[in-house]
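Notes follow once the structure below has been shown.
The values are calculated or read from the model by the stated rules, or taken from the named source; none is laboratory data. Not measured: the values here are computed from a predicted model. Cβ coordinates were reconstructed from backbone atoms using ideal geometry, including for glycine residues, and neighbour counts include every protein chain displayed.
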Amino acid sequence: MRPLTPIEARVLGTLMEKARTVPDSYPLSLNSLVAGCNQKTSREPLMNVTEAQAQEALDSLKLLSLVFQTSGSRVARWEHNFQRTVGVPEQSAVLLGLLMLRGPQTAGELRINTERWYRFADISSVEAFLEELQDRPDEKGGPLVVKLPRASGMREQRWAHLLCGPVQADAAEHAQAYETGGQPDLQARIDALENEVLALRSAVQNLYDQLGMSQPGQ
């Protein structure tokens, strides 16, 4: 299976989530699917997927046998076919779906966040399924998750899915900095810009003083 695009992964993950959390509303119409993709909670990163983009992703996923359209309704409705196509048990599908929707997470975070999808007995069981996905043999398609290097300030290592291709560890750590509110690079740039603005204001004021003029508005 080729690597998925971020929008394809979001569409697929949303279908997998709604099948488990709101079964009465499943399969999903295109409109409901777009709303699920663009949720402001339980999503990382936040997206603004259009109906056209979602439909394009559905058409591509259908060619991969990962989704299919149901019949018997005036409005087209869609459901996923992830487990059968990829060949993983329910527990592994739950972990992969959550990683697609919420980005890299520790085993502990995954256990908490999967409560509405599937209730794992303990963190050890989560780790066991993750390790099984990481050690998946090539004849079955190869690894589907990777354990990332421990990020600075983190006690535990996080896991990421590989359905969109290899994961850049430095990019994942950068994303984690934003999640934890660190944002060191951004804050440094803001501080530098503020200092530059103050310096420019001071220089302009000195120029007006030398010319014996007052700045507009003063």
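Among the residues of segment 39-85, the one identified as among the hydrophobic types (A, V, I, L, M, F, W, C) and closer than 22 Å to ARG119 by Cβ is PHE82.
Table: residues versus (1) at pLDDT 90 or above; (2) in a helix (DSSP H, G or I); (3) within 14 Å of the chain's Cα centre (by Cα); (4) loosely packed, with under 12 Cβ neighbours inside 10 Å.
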site	(1), (2), (3), (4)
MET154	no, no, no, no
GLN157	yes, no, no, no
ALA172	no, yes, yes, no
ALA177	no, yes, no, no
ASP185	no, yes, no, yes
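Taken over segment 130-153, residues that are without any contact (Cβ under 8 Å) to a residue 40 or more places away in the chain and among the hydrophobic types (A, V, I, L, M, F, W, C) amount to 3. Can you pull out the residues in segment 11-51 that are touching a helix residue (DSSP H, G or I) at 6+ places or on another chain (Cβ under 7 Å), among the hydroxyl-bearing types (Ser, Thr, Tyr) and in contact (Cβ under 8 Å) with a residue 24 or more places away in the chain? Answer for segment 11-51, where residues must be touching a helix residue (DSSP H, G or I) at 6+ places or on another chain (Cβ under 7 Å), among the hydroxyl-bearing types (Ser, Thr, Tyr) and in contact (Cβ under 8 Å) with a residue 24 or more places away in the chain: THR14, TYR26, SER42. You will find that of ALA57, ALA107, the residue that is of a type in the set (A, V, I, L, M, F, W, C), under 30 Å from PRO149 (Cβ atoms) and in contact with an Asp or Glu (Cβ under 7 Å, 6 or more places away or on another chain) is ALA107 and no other. Hey, any hits in segment 35-50 for a residue that's of a type in the set (Asp, Glu) and farther than 23 Å from LEU95 by Cβ? No, there is no match, as no residue in segment 35-50 is of a type in the set (Asp, Glu) and farther than 23 Å from LEU95 by Cβ.
Applying the criterion of being of a type outside the set (D, E, K, R), crowded, with 19+ Cβ neighbours inside 10 Å and not in a loop (DSSP other than H, G, I, E, B) to the residues of segment 105-122, the residue that is nearest to the chain's Cα centre (by Cα) is GLN105. When segment 123-140 is examined, which residues are found to be surrounded by 13 or more Cβ atoms within 10 Å (Cβ to Cβ) and assigned to a loop (DSSP other than H, G, I, E, B)? Matches in segment 123-140: ARG136 only.
Inside segment 1-23, residues that are outside any helix (DSSP H, G or I) and either among the hydroxyl-bearing types (Ser, Thr, Tyr) or over 23 Å from SER71 (Cα atoms) (or both) make up a count of 5. Is it the case that MET100 is in a helix (DSSP H, G or I), modelled with pLDDT of 95 or more, in contact with a helix residue (DSSP H, G or I) (Cβ under 7 Å, 6 or more places away or on another chain) and not small (Gly, Ala, Ser)? Answer is yes for this residue.
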